[in-house]
Ligand code: SF4
Ligand code: SF4
């Protein structure tokens, strides 16, 4: 991939500070750019920026480049980088920290769309069905039409089952997703409060949290 030149003006100190304040940010500034994380990553060849570069970009506050890169979505959370980093930095958790920030900033790309479809299928069925994943993602990603001949050949050889494997009871799983959403909303409200404090904006009264009921 041809990379654009990054200008010093694109540095965003508020973004850098936001990430450094998260649990994974504690050690980020100690990165010595040894590249062990990048060398251990099984999918770095598919990434716009490898984990080593991403850590440096966060240190520099390159918000736009970090949040728009495919790196955070391509990561398979295999943890190879995190277990090998000599400085105890956890690039895996960094990717997971950056995802909600990218979503909150309205970043849209095909990797983010795939993540959304995957979560939705797992939430409703309790399992990842290949058939549902491919069919739903194809509806949201027009480029998937190019993969149609390959999909048909898999289907004709019986390698793409149309059966949907579903858990009997997905209620507990749904509760986990709801708790995650609630935590995300709370985190985002706290971030907004921090921003408002910094800018001196009047804080609106919060609506009380609704209690989840286990029906
Ligand atoms: S392995 Fe750790 S110290 Fe080395 S480049 Fe990656 S994050 Fe930085
Ligand atoms: S956790 Fe992600 S970034 Fe780290 S080695 Fe695995 S795929 Fe690469």
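The values are calculated or read from the model by the stated rules, or taken from the named source; none is laboratory data. As the structure is a computational prediction, the values presented were derived from the model and not from experiment. Because the Cβ atoms are built from the backbone with ideal geometry, glycine has one as well, and the counts that use them run over all protein chains shown.
Test each condition in (1) within 16 Å of ligand 2 (Cβ to nearest atom); (2) assigned to a helix (DSSP H, G or I); (3) closer than 30 Å to residue 32 by Cβ for residue 101 and report the one that comes out false.
Just one mismatch for residue 101, condition (1).
State yes or no: is residue 96 under 30 Å from residue 145 (Cα atoms), within 18 Å of the chain's Cα centre (by Cα), away from ligand 1 (no atom under 16 Å from the Cβ) and not assigned by TED's automatic domain parsing to the domain that holds residue 128?
no
Would you confirm, using the coordinates I've provided, whether residue 70 is within 15 Å of ligand 2 (Cβ to nearest atom), crowded, with 16+ Cβ neighbours inside 10 Å and within 30 Å of residue 165 (Cβ to Cβ)?
Yes: the conditions hold for residue 70.
Condition check ((1) without any contact (Cβ under 8 Å) to a residue 24 or more places away in the chain; (2) surrounded by 14 or more Cβ atoms within 10 Å (Cβ to Cβ); (3) outside the structural domain of residue 94 (by TED's automatic domain parsing); (4) within 14 Å of ligand 2 (Cβ to nearest atom)) across all residues:
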site: 23; (1), (2), (3), (4): no, no, no, no
site: 37; (1), (2), (3), (4): no, yes, no, yes
site: 41; (1), (2), (3), (4): no, yes, no, yes
site: 53; (1), (2), (3), (4): yes, yes, no, yes
site: 60; (1), (2), (3), (4): no, yes, no, no
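Considering only the stretch 84-95, state which residues are near ligand 2 (Cβ under 9 Å from one of its atoms) and surrounded by fewer than 16 Cβ atoms within 10 Å (Cβ to Cβ).
The one that is near ligand 2 (Cβ under 9 Å from one of its atoms) and surrounded by fewer than 16 Cβ atoms within 10 Å (Cβ to Cβ): 84.
Only one of 87, 16 is away from ligand 1 (no atom under 11 Å from the Cβ) and touching a helix residue (DSSP H, G or I) at 6+ places or on another chain (Cβ under 9 Å). Can you tell me which?
16
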